[in-house]
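Chemist: Dumping the structure here so I can ask a few things about it.
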Amino acid sequence: MIIRIVKLSISKKNTNDFINLFNDNKSKILSFKGCLKVELLKNEGDDEVFFTYSHWDNHQSLENYRNSNTFKMIWKTTKTYFCDKPMAWSLSKV
């Protein structure tokens, strides 16, 4: 299993749009083959920092999603909300 954490810094003026974008697309992401879980988290104390937290069957499932039209559409819009560069980690349990 792969755990994917992505840190996203979103301009305050765009946070509601970003949250709505995530909520509108969450079911699409979850229905993607290999996606076991996806959540949106907000950093306590910093209203501009969000994290997506997802579980994937394996690295190939994650890559298939990242190369999909669904991801490309979501990412294209998400990028317009940034106020800093995103950071991402793919992790496995030890």
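Chemist: Check off (1) in contact (Cβ under 8 Å) with a residue 40 or more places away in the chain; (2) under 19 Å from T77 (Cβ atoms); (3) touching a Phe, Trp or Tyr at 6+ places or on another chain (Cβ under 9 Å) for V38 and give me the number that stays unchecked.
Modeler: Among (1) in contact (Cβ under 8 Å) with a residue 40 or more places away in the chain; (2) under 19 Å from T77 (Cβ atoms); (3) touching a Phe, Trp or Tyr at 6+ places or on another chain (Cβ under 9 Å), the lone unmet condition for V38 is (1).
Chemist: Being more than 25 Å from K93 (Cα to Cα), open to solvent by less than 20 Å² (accessible area, probe 1.4 Å) and of a type in the set (A, V, I, L, M) narrows it down to one of I10, I19, I29, so name that one.
Modeler: Unique residue meeting the criteria: I10.
Chemist: Of all residues in segment 32-57, which are among the aliphatic types (A, V, I, L, M) and closer than 18 Å to L91 by Cβ?
Modeler: Passing the criteria: L36, V38, L40, L41.
Chemist: If a residue must be under 15 Å from R4 (Cβ atoms), open to solvent by less than 90 Å² (accessible area, probe 1.4 Å) and not in a helix (DSSP H, G or I), how many such residues does segment 58-86 contain?
Modeler: 3
Chemist: Now for a different question. Considering segment 7-32 alone, what residues qualify as being of a type in the set (G, A, S) and either within 11 Å of the chain's Cα centre (by Cα) or part of a helix (DSSP H, G or I) (or both)?
Modeler: S27
Chemist: Here is a further query. Could you list all residues from segment 56-80 that are in contact with a helix residue (DSSP H, G or I) (Cβ under 7 Å, 6 or more places away or on another chain) and closer than 16 Å to N25 by Cα?
Modeler: Those that are in contact with a helix residue (DSSP H, G or I) (Cβ under 7 Å, 6 or more places away or on another chain) and closer than 16 Å to N25 by Cα: Y65, T70, F71, I74, T77, T78.
The values are calculated or read from the model by the stated rules, or taken from the named source; none is laboratory data. What you see is a predicted model; the values in this text were computed from it and never measured. Glycine gets a Cβ as well: all are built from the backbone with ideal geometry, and neighbour counts include every protein chain shown. Just the protein is used for accessible areas: all its heavy atoms, side chains included, with ligands, DNA and RNA removed. Shrake-Rupley method; radii C 1.70, N 1.55, O 1.52, S 1.80 Å.
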